[in-house]
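Here is the structure we will look at, set down as structure tokens.
The values are calculated or read from the model by the stated rules, or taken from the named source; none is laboratory data. All of these numbers come straight from a predicted model, not from anything done at the bench. For neighbour counting, all protein chains shown are included, and Cβ atoms are generated from backbone atoms with ideal geometry for every residue, glycine included.
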Amino acid sequence: MSLLTFPHFEPRFPRPHWSLPVVLEHQARACPDAPFLQWTDAGTPLTFAETNARVNRLAHGLAAAGIAHGDKVALFLPNCLEYPLIWFALNKLGAAEVTIGDSFKGQFLRHPLALSRARLVVTTPELAHFLAEVEANLPDLESVVLLDDPHSPAVPPRFRRVRARTYDSLVSDNTADPGITVGPRDLAAVLFTSGTTGPSKAVLMSHAQIYFFSEEIIQVCRLTADDVYLTGFPFFHANAQLESIYPALIMGIRCVLYRKFSATDWIGRIRRSGATVTNLLGATMAFVAAQPMRNDDRDHRLRCIFAAPVPEKLCAEIQQRYGIGAITTGFGQTEIAMPFLSPWGVPLPSGACGVLLDQWFDVAIADPETGEPLCGEATGELLVRPRLPGVISDGFLGMPEKTLETWRDLWFHTGDAVRRDAQGWYYFVDRLKDTLRRRGENISSFEVEDVVRSHPDVAECAVVGVPADEDGGEDEVMVFIVAVAGAALDPAGLLAFCTPKMPAFALPRFVEVIAELPKTPSEKVRKEELRKRGVTTTTWDRMARAAQGATQT
């Protein structure tokens, strides 16, 4: 019996045109007056022609500021309408965006800026204060562009060396295309993925890869010219950029943007915006399902949700309650796009994440120790390689040894355990690597450990992910600690110590003080044992303590 695979498809643009500047210029000519980017459902959409004109004005301003083909510029911003305009403008020049989470601080902020050697950062006056704190450790950083943020007005910091300028100073009067040739294999973006035995890795994404990633969403959601896409997920992630905004650009349709995701106003936004397609991920499905029922829950145009993962019970609840025709899914990573997608109209087996796009990928399930392929329905590490160039990443920025390790034997080693059934459906089983994902954010266990270990009462520590309370397939951060001899480590004091040094999403929820960490003969921490142990009656729980304090108050 032949295995089920995803239907073969012809992308909207031919492969030589898989370049964002080419796609944007085409749409500005093909559908100039069609609405494209809309800031909230109350905003007036920018048409494709208006978007292109604004992007060109920014591109000329950035060029005047010294940005050229091959440069990397960091975007350290909250969601705002200017974000995609700056992203597009950089790509028009053949430069690449370096995306940085707007909650980053300290070492979490310094690392991506140092690794990318970005000479220019676009940020807000409020976030610029975190930049000023690490300025001395960023010798390549020359200038900071400050974009006013009406939600968080703040006085910008005084930089010692770095030059600060206003966003308006980048806006030129020239609306013509810069005329720079940007090909499919040119670098488009640097997105960060979590590290395990080292800092977060910077994924090099070509224009071909970000186009193909977006084309996959078009196919799995069956986008049409009548669709409207909605997103409130962070713009510094692939989900918003490559699974919402760029698909809308390719299709020539409207994309409605919000500052943050809102579960309480989820269906309200969908109704007011006229959205027909949106995304959910992880715990956000549980948050939506938990909202109070309303008589007008089915009063909307939403026809499809792309979600990953897809908990069976939650999907059934959401589809039934809101009357949504389809919830589609897929499986992949920033480095490899999505080798598995769910075919439209085909019932999804419980726990499955999709079938293989054999038109574009080869995959193997291998023994994680030896790399030897496994037969039948055995569980092993997923290995991936492209059938055509450009659809997966070219490597990690500044980490050649990690690139060689991950792409060894001419396969990309995902670090994820999967299995395939006899029909051709693939199932995610577990993480083989020590990465965590909480509320849509990838978390480096190494970087969290680095901060925790700097506490004077901590001798050793190990960070693992334990299942979150919500049925969304995500983690809570748990740290196991061996205290310094004679020290009485206070978990609350430890968390207070860590709070100014890391983003809130990376802050451990659970703290367990133990006598020693389980280790291999070569002194590596056996984190699989810690994950199995998980939360016990002796575990300190930050959320429980906060709830207890609120009750006492």
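Yes or no, residue by residue, for (1) within 27 Å of the chain's Cα centre (by Cα); (2) of a type in the set (A, V, I, L, M):
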position	(1), (2)
140	yes, no
143	yes, no
146	yes, yes
156	no, no
165	no, no
171	no, yes
Counted residues in the stretch 254-302 being in a helix (DSSP H, G or I) and either at pLDDT 95 or above or within 18 Å of the chain's Cα centre (by Cα) (or both) come to 11
Picking from 59, 49, 63, the residue that is modelled with pLDDT of 95 or more and surrounded by fewer than 19 Cβ atoms within 10 Å (Cβ to Cβ) would be 49
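With the requirement that a residue be among the hydroxyl-bearing types (Ser, Thr, Tyr) and either surrounded by fewer than 23 Cβ atoms within 10 Å (Cβ to Cβ) or in contact with a helix residue (DSSP H, G or I) (Cβ under 9 Å, 6 or more places away or on another chain) (or both), what does the stretch 249-285 give you? Full working, then the answer.
From the stretch 249-285, those among the hydroxyl-bearing types (Ser, Thr, Tyr) are 258, 262, 264, 273, 276, 278, 284; that's our starting set.
Correct list: 258, 262, 264, 276, 278, 284.
Please verify whether the stretch 110-124 includes one or more residues that are touching an Asp or Glu at 6+ places or on another chain (Cβ under 6 Å), surrounded by 13 or more Cβ atoms within 10 Å (Cβ to Cβ) and closer than 24 Å to residue 80 by Cα. Quick ask: steps written out before the conclusion?
At the first step, the residues of the stretch 110-124 found to be touching an Asp or Glu at 6+ places or on another chain (Cβ under 6 Å) are 117, 119, 124.
When the remaining residues are screened for being surrounded by 13 or more Cβ atoms within 10 Å (Cβ to Cβ), the result is 117, 119, 124.
When the remaining residues are screened for being closer than 24 Å to residue 80 by Cα, the result is 119, 124.
Yes, the stretch 110-124 has at least one match.
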Residue count, the stretch 460-493, condition over 28 Å from the mean Cα position of the chain (by Cα), surrounded by 16 or more Cβ atoms within 10 Å (Cβ to Cβ) and not in a loop (DSSP other than H, G, I, E, B), comes to 5
Does the stretch 359-367 include one or more residues that are touching a strand residue (DSSP E or B) at 6+ places or on another chain (Cβ under 7 Å), of a type in the set (Asp, Glu) and part of a loop (DSSP other than H, G, I, E, B)?
-> yes
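Specify which of the listed residues (171, 228, 182, 203) is among the hydrophobic types (A, V, I, L, M, F, W, C), within 18 Å of residue 72 (Cβ to Cβ), surrounded by fewer than 24 Cβ atoms within 10 Å (Cβ to Cβ) and in contact with a helix residue (DSSP H, G or I) (Cβ under 7 Å, 6 or more places away or on another chain). Let's see the steps before the verdict.
Working: 171 fails: within 18 Å of residue 72 (Cβ to Cβ); 228 fails: within 18 Å of residue 72 (Cβ to Cβ); 203 fails: in contact with a helix residue (DSSP H, G or I) (Cβ under 7 Å, 6 or more places away or on another chain).
Within the list 171, 228, 182, 203, the selection yields 182.
Filter the stretch 108-144 for residues that are touching a residue at least 12 places away in the same chain (Cβ under 8 Å) and part of a loop (DSSP other than H, G, I, E, B) and give the result. Spell out how you get there, then give the answer.
So the first thing to find is which residues in the stretch 108-144 are touching a residue at least 12 places away in the same chain (Cβ under 8 Å), and the list is 108-138, 140-144.
Result: 117, 118, 119, 124, 138, 140, 141, 142.
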Exactly one of 254, 222, 272 is over 22 Å from residue 43 (Cβ atoms) and basic (Lys, Arg), and that one is 222
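Rundown of residues vs (1) assigned by TED's automatic domain parsing to the domain that holds residue 186; (2) in contact with a Gly (Cβ under 8 Å, 6 or more places away or on another chain); (3) of a type in the set (S, T, N, Q); (4) more than 30 Å from residue 27 (Cα to Cα), yes/no style:
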| site | (1), (2), (3), (4) |
| --- | --- |
| 52 | yes, no, yes, no |
| 58 | yes, no, no, no |
| 68 | yes, yes, no, no |
| 93 | yes, no, no, no |
| 100 | yes, no, no, no |
| 106 | yes, no, no, yes |
| 110 | yes, no, no, yes |
| 125 | yes, no, no, yes |
| 131 | yes, no, no, yes |
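Select from the stretch 9-27 the residues that are part of a helix (DSSP H, G or I) and touching a strand residue (DSSP E or B) at 6+ places or on another chain (Cβ under 9 Å) and write down the one among them that is surrounded by the most Cβ atoms within 10 Å (Cβ to Cβ). Don't jump to the end; show me each part of the working.
Keep residues of the stretch 9-27 that are part of a helix (DSSP H, G or I), which gives 15-17, 20-27.
After this cut, where a residue has to be touching a strand residue (DSSP E or B) at 6+ places or on another chain (Cβ under 9 Å) as well, the list is 20, 27.
Values: 20: 25, 27: 23.
The residue in question is 20.
Condition test on residue 315, is it out of contact with any helix residue (DSSP H, G or I) (no Cβ under 8 Å at 6 or more places or on another chain) and closer than 24 Å to residue 425 by Cα? Explain how you work it out, then say what you get.
Working: out of contact with any helix residue (DSSP H, G or I) (no Cβ under 8 Å at 6 or more places or on another chain): no; closer than 24 Å to residue 425 by Cα: yes.
In short, no.
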Residues of the stretch 198-237 being closer than 22 Å to residue 327 by Cα and either among the aliphatic types (A, V, I, L, M) or free of Cβ contacts under 8 Å to residues at least 40 places away in the same chain (or both), in sequence order, are 214, 217, 218, 220, 223, 224, 225, 228, 230
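Assess whether residue 308 counts as being touching a Ser or Thr at 6+ places or on another chain (Cβ under 6 Å) and either under 26 Å from residue 246 (Cα atoms) or without any contact (Cβ under 8 Å) to a residue 24 or more places away in the chain (or both).
The answer is yes for residue 308.
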If you go through the stretch 237-253 one residue at a time, do you hit one that is under 18 Å from the mean Cα position of the chain (by Cα), at pLDDT below 95 and outside any helix (DSSP H, G or I)?
-> yes
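What about residue 152, is it touching a Lys or Arg at 6+ places or on another chain (Cβ under 8 Å), surrounded by fewer than 21 Cβ atoms within 10 Å (Cβ to Cβ) and under 27 Å from residue 128 (Cα atoms)?
Against the criterion (touching a Lys or Arg at 6+ places or on another chain (Cβ under 8 Å), surrounded by fewer than 21 Cβ atoms within 10 Å (Cβ to Cβ) and under 27 Å from residue 128 (Cα atoms)), residue 152 does not qualify.
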Close pairs (6 angstrom Cβ cut-off, 6 or more residues apart or separate chains): within 26 Å of residue 356 (Cα to Cα) in the stretch 317-329, modelled with pLDDT under 95 and assigned to a loop (DSSP other than H, G, I, E, B) anywhere | 329/310
Report, by residue number, each residue of the stretch 455-493 that is touching a residue at least 40 places away in the same chain (Cβ under 8 Å) and either over 30 Å from residue 430 (Cα atoms) or among the charged types (D, E, K, R) (or both).
-> 455, 460, 470, 471, 474, 492
